[in-house]
Amino acid sequence: MDSANQDINLNSPNKGMSTDHMTDVSVEGATGTASGPMPPGLTEEEAEELRSELAKVEEEIHTLRQVLSAKERHASELKRKLGLSPLNELKQNITKSWQDVQTSQAYVRTAEKLGEWNEKVTGCDLYKKTQETLSQAGQKTSAALSTMGTAISRKLGDMRNSPTFKSFEDKVGTIKSKVVGGRANDGEVSSPTETNPTKEGAPF
């Protein structure tokens, strides 16, 4: 394309750049210099073909980047209209990632391996003996505690029925009755109902 016919409109998205111009730039950037040394084992025709293909690929990459940028802006606008905040999007991404992990082959194989190890451990003789020993120890501990509680209760019952405890209990009851009886006698002597008639019948 002739440089005189290039689009020089500043409002145009091309802004004076054409496809041929972009192709030339991409080829030069990829090959370094036009007069650079040829790679060994590569003819001029093969090099020219590779340069042309590289220019097309770079042009496609540039176009795809523009399309991707436009799609991202459109997606952001849709999320804004739907009220999807970055936090909600992060939660959804984490949930999806965890689901992907759970369905991945590595996770499934690891879970299966752990299940096999668990079966081997629980099925071995050492594990069974250890479990039986712990169970027996627990049963013996429960029986010992029960026997101890029964012995303590029996001992307390024997103490209450012993003559010493009954004599002590009788003494405590006697002291309690004396204290209660003394308080009752003091209340009768100092009762105001008995002193008031004497005062009223005294001569002036």
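Once R0 is set to 30 Å, what does the formula 1/(1 + (r/R0)^6) return for the Cβ-Cβ distance between D100 and R73, expressed as a FRET efficiency to the nearest 0.05? Don't skip to the end; give the middle numbers.
Numbers: r = 27 Å, r/R0 = 0.90.
Approximately 0.65, to the nearest 0.05.
Cα-Cα pairs above 15 Å in the stretch 49-143: how many percent? Walk me through the numbers on the way to the answer.
On the way: 3611 of 4465 pairs.
Summing the P(r) of the stretch 49-143 above 15 Å gives 81 percent of all pairs.
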Quick numbers on the stretch 93-145, Rg and Dmax over C-alpha atoms in Å, give 19.4, 57
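Might you tell me the accessible area per residue for the stretch 129-177, computed with a 1.4 Å probe and given in Å²? Don't skip to the end; give the middle numbers.
Numbers: 4370 Å² over 49 residues.
Per residue, the stretch 129-177 has an accessible area of 89 Å².
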Filtered hits (lysines, Cα-Cα < 21 Å from K120, offset >= 8 within chain) -> K128, K129
Under a 1.4 Å probe, counting only protein heavy atoms, H62 has an accessible area in Å², nearest 10, of 80
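In Å, what Kirkwood hydrodynamic radius results for the stretch 112-169 from the alpha-carbon pair distances?
Numbers: mean 1/r = 0.0651 Å⁻¹.
The Cα-based Kirkwood calculation yields 15.4 Å.
The values are calculated or read from the model by the stated rules, or taken from the named source; none is laboratory data. Computed from a predicted model, the values in this text were never measured in an experiment. Heads up, the Cβs are rebuilt from the backbone with ideal geometry, glycines too, and the neighbour counts pull from every protein chain shown. Accessible surface is based on the protein model in full, side chains and every heavy atom, while ligands, DNA and RNA are left aside. Shrake-Rupley method; radii C 1.70, N 1.55, O 1.52, S 1.80 Å.
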